[in-house]
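So the structure is just underneath, and the comments pick up after that.
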Amino acid sequence: MKQYRIGTIVKPHGLKGEVKVYPHTDDLSRFEDATYLIVGGTEEKLEVQSTREQKGMIFLKFKDKNTIESIEYLLRKELYVDGDNMRELEEDEYMIDTLIGLEVYLEDDTKIGVVTDFLQYTANDVFVITLESGQKAMIPFLKQFVPKIDMEHQKMRIRPIKGMIEE
């Protein structure tokens, strides 16, 4: 089953097994919605006992992890959710992993490249597209520039303005 990365454990918090997590999602409620999280590189599922958010970071407590020693092996590990443990996405809402690899077309159906990265900034998110020429282009993830994403056909249509794509 497909897994989606939602955070990285950065350090312990206190002595009773709580961990501080750097989120890789713009919706921090995903942590609250998850009944368990999967430790990256393993199939270990940790049952979430409690979550709280502070200054953009997530603090997690896992069931049966009650000491600092019990969570030391988790430090710097990625945390994932799977399809069984994920809330339904709303229309025009995507998991970042599913956007990487989309073929990119102009509105006139000309293929220009592939999405190779996705950058998250405060103002707005940005697609990094590797053009057919090998050059990179950055397109803001705004409806005016990305009018259509077709996940069924793994395609994205863009409407760039002059200067966004080097020729």
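When each of Asp97, Asp109 is tested for being of a type outside the set (Phe, Trp, Tyr) and free of Cβ contacts under 8 Å to residues at least 40 places away in the same chain, the lone residue that passes is Asp109. Is it the case that some residue within region 127-147 is out of contact with any helix residue (DSSP H, G or I) (no Cβ under 8 Å at 6 or more places or on another chain) and over 18 Å from Ile165 (Cα atoms)? Taking every residue of region 127-147 in turn, none turns out to be out of contact with any helix residue (DSSP H, G or I) (no Cβ under 8 Å at 6 or more places or on another chain) and over 18 Å from Ile165 (Cα atoms). Restricting region 88-108 to residues that are assigned to a loop (DSSP other than H, G, I, E, B) and surrounded by 13 or more Cβ atoms within 10 Å (Cβ to Cβ), which is modelled with the lowest pLDDT? Checking each candidate, the answer is Met95. Exactly one residue among Lys111, Lys61 is touching a strand residue (DSSP E or B) at 6+ places or on another chain (Cβ under 9 Å) and surrounded by fewer than 17 Cβ atoms within 10 Å (Cβ to Cβ), and that residue is Lys111. Within region 25-73, the residues that satisfy the criterion of being among the polar types (S, T, N, Q) and under 28 Å from Gln120 (Cα atoms) are Thr25, Ser29, Thr35, Thr42, Ser50, Thr51, Gln54. The listed residues are Gln120, Gln54, Gln135, and the only one of them that is surrounded by fewer than 13 Cβ atoms within 10 Å (Cβ to Cβ) and touching an Asp or Glu at 6+ places or on another chain (Cβ under 6 Å) turns out to be Gln135.
The values are calculated or read from the model by the stated rules, or taken from the named source; none is laboratory data. Keep in mind that what you see is a predicted model, and the values were worked out from it rather than measured. Here Cβ is always computed from backbone atoms with ideal geometry, including for glycine, and neighbour counts include all displayed protein chains.
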